[in-house]
Amino acid sequence: MAVDLLDVPLRVSWDFFSDTDSSLSGEQLLQIATALTDAGLFFVTLENRPLKHPAIVPVINQLLSGGCQVTLIADADPDQLKFLPELPTGVTLFLDAGACVAGNRLDQQQLAGFFQQFRNLQLTASLLWLPRSGKLPLILDFILFCEQNGVPRFKLPNQKIDANPEHSERGLLPDCKDLQQFSALLNQAGLPKTSSLQLEVHDLFLWELLQPLCGGERSEYGGCQAANSLAHVDHQGGLWPCSSWPQSLGNLLDTELWDLWQSSARLAVREQITGVPTGCDGCRDYQICFGGCRGLATFCREDALGRDLLCAERR
């Protein structure tokens, strides 16, 4: 896979807040925001309850003034949503629907109430949900909810893991068995193709199933973009290849982003991604997916084949 190496990433996701004492001060967060704007990034997504930190408004203003397009992920939490009126204009809003899912059920009434709060404030928000193992059928409920409630966009982002590949949440990651079961359900559902919803799906194999139903696009093209067009900043300022690749490249509070992006650690990640995974050798579709998400495959597949978790076999 030949992909041009970028001097700095184009998109950065940022875990903004921590409930622990390790949460950064407003001054430190502004230092990171300045580092991102000085590097010339185009897109920054603020995640992990950014509305809980009192520095959220000045940080957003710094990012916007530096030419970044800012996306903010708001939790379905009344205590956080009350700060929405204070946000600067020009911020793209997503509502994380995770709190509205209990077991295998979506509380549509609760979710509709949160979207009404956005409308009352004359704000437009889209929907985001991180699909977990055993819960992929809920995607259909979310799609119908968006259609019925006028939600313009629905995003299924990449799976996040921390620096410990043995973390207990590893079992929450969907795999190829989940995808096969979901595929069988889609074949039975017979839902009409939606015309108004913008669907954005990170994983290629999940997108392949949903694209005929809803159209839509993938977040990234040309294979795994970890440590190239994508990067992730954790709640302590650590820079990672992406949120699905548990390896810190350094910290933006003591090292410039450009220097971290030219480091041997970052280049080693890209070198690993250029190799063909054992489980992909000879696959006819490798030039389409390039192995899919290489971070999750490297750290979470017990068979060491290196394929995307949602890919069952060579084609």
Quick check, is SER244 of a type in the set (S, T, N, Q), over 27 Å from LEU199 (Cα atoms), modelled with pLDDT of 90 or more and out of contact with any Ser or Thr (no Cβ under 7 Å at 6 or more places or on another chain)?
no
I'd like the residue in the range 277-309 that is under 24 Å from the mean Cα position of the chain (by Cα) and β-branched (Val, Ile, Thr) and, out of all such residues, is farthest from TRP240 (Cα to Cα).
ILE288
Quick check on this structure: which one of GLN159, GLN117 is assigned to a loop (DSSP other than H, G, I, E, B), among the polar types (S, T, N, Q), surrounded by 14 or more Cβ atoms within 10 Å (Cβ to Cβ) and out of contact with any strand residue (DSSP E or B) (no Cβ under 8 Å at 6 or more places or on another chain)?
GLN159
Taking the range 120-130 as the region of interest, how many residues are free of Cβ contacts under 8 Å to residues at least 24 places away in the same chain and not in a loop (DSSP other than H, G, I, E, B)?
1
Return only the number of the condition from (1) open to solvent by 40 Å² or more (accessible area, probe 1.4 Å); (2) in contact with a helix residue (DSSP H, G or I) (Cβ under 6 Å, 6 or more places away or on another chain) that GLN122 does not satisfy.
(2)
Boolean, ALA74 is in a helix (DSSP H, G or I), in contact with a Leu (Cβ under 7 Å, 6 or more places away or on another chain) and touching a residue at least 24 places away in the same chain (Cβ under 8 Å):
no
Restricting attention to the range 258-311, report how many residues are in contact with a helix residue (DSSP H, G or I) (Cβ under 6 Å, 6 or more places away or on another chain), at pLDDT 85 or above and among the aliphatic types (A, V, I, L, M).
3
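The values are calculated or read from the model by the stated rules, or taken from the named source; none is laboratory data. Because the structure is predicted, anything quoted here is derived from the model rather than measured. Counting neighbours? That spans all protein chains shown, and the Cβs are built from the backbone with ideal geometry, glycine included. These accessible areas exclude ligands, DNA and RNA; they are computed on the full protein's heavy atoms, side chains included. Shrake-Rupley method; radii C 1.70, N 1.55, O 1.52, S 1.80 Å.
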